[in-house]
Amino acid sequence: MSKPAKCIPVAEAKELYNNWIRTRGPALDRSAGSQDACDFIYSIAELEEFIAYVKQESTKQGVIDPGVRIHFAAYDTDDSDKATVFLAPTKGSSANAPVNYTIEPLNRGNTGWPPNIY
């Protein structure tokens, strides 16, 4: 298998990460009142299982080219007020594809604490 076309060099990823930390990290930490999560991990097996689920359910609905949108989110419970992400199935892969609300999103990834630096 060849490298996917949308892969970026590590140096570019580091630059993007550092831009986020520099321009958004401090404001989010001030707003939350403490350092927040900024990285999330899912195992390859979890992602493969989710993708297979999205493909299966999308096929049943006649969705030809499903996508997955990653949404930023935050907990508001007694246990956590930290950031999270969830992966939401879409009814297409274009930038404005609608969310497919009949397929449940994926959440419950793990985050390093303190956050892992890229």
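The values are calculated or read from the model by the stated rules, or taken from the named source; none is laboratory data. Just so it is clear, the structure is predicted and the values come from calculations on it, not from any experiment. FYI the Cβ positions are ideal-geometry reconstructions off the backbone, even for glycines, and counts take in every protein chain you see. Each accessible area value is taken on the protein alone, full model and side chains, heavy atoms only, with ligands, DNA and RNA left out. Shrake-Rupley method; radii C 1.70, N 1.55, O 1.52, S 1.80 Å.
Some notes on this structure:
- Hits in the stretch 4-19 (condition: in contact (Cβ under 8 Å) with a residue 12 or more places away in the chain and either open to solvent by less than 80 Å² (accessible area, probe 1.4 Å) or among the aromatic types (Phe, Trp, Tyr) (or both)): ALA13, TYR17
- ILE103 open to solvent by less than 80 Å² (accessible area, probe 1.4 Å) and either modelled with pLDDT of 95 or more or in a strand (DSSP E or B) (or both): yes
- In the condition set (1) at pLDDT below 90; (2) open to solvent by 100 Å² or more (accessible area, probe 1.4 Å), LYS60 is compliant with all but (1).
- For the stretch 20-31, a tally of residues being open to solvent by less than 60 Å² (accessible area, probe 1.4 Å) and in contact with a strand residue (DSSP E or B) (Cβ under 8 Å, 6 or more places away or on another chain) returns 0.
- Selection status of ALA73, at pLDDT 95 or above, on the phi < 0 side of the Ramachandran plot and open to solvent by less than 90 Å² (accessible area, probe 1.4 Å): no
- Test for ASP39: is it farther than 14 Å from PRO115 by Cβ, part of a loop (DSSP other than H, G, I, E, B) and acidic (Asp, Glu): no
- Test: residue in the stretch 79-91 that is without any contact (Cβ under 8 Å) to a residue 12 or more places away in the chain and either over 26 Å from LYS14 (Cα atoms) or surrounded by 10 or more Cβ atoms within 10 Å (Cβ to Cβ) (or both): yes
- Listed by first and then second residue, the pairs linking a residue in the stretch 22-46 that is free of Cβ contacts under 8 Å to residues at least 40 places away in the same chain to a residue that is surrounded by 10 or more Cβ atoms within 10 Å (Cβ to Cβ), with Cβ atoms under 7 Å apart and 6 or more places separating them unless they lie on different chains, are GLY25/CYS38; ASP29/GLN35; ASP29/ASP36.
- Total residues in the stretch 32-48, condition surrounded by 13 or more Cβ atoms within 10 Å (Cβ to Cβ) and either modelled with pLDDT under 90 or not aliphatic (A, V, I, L, M) (or both): 9
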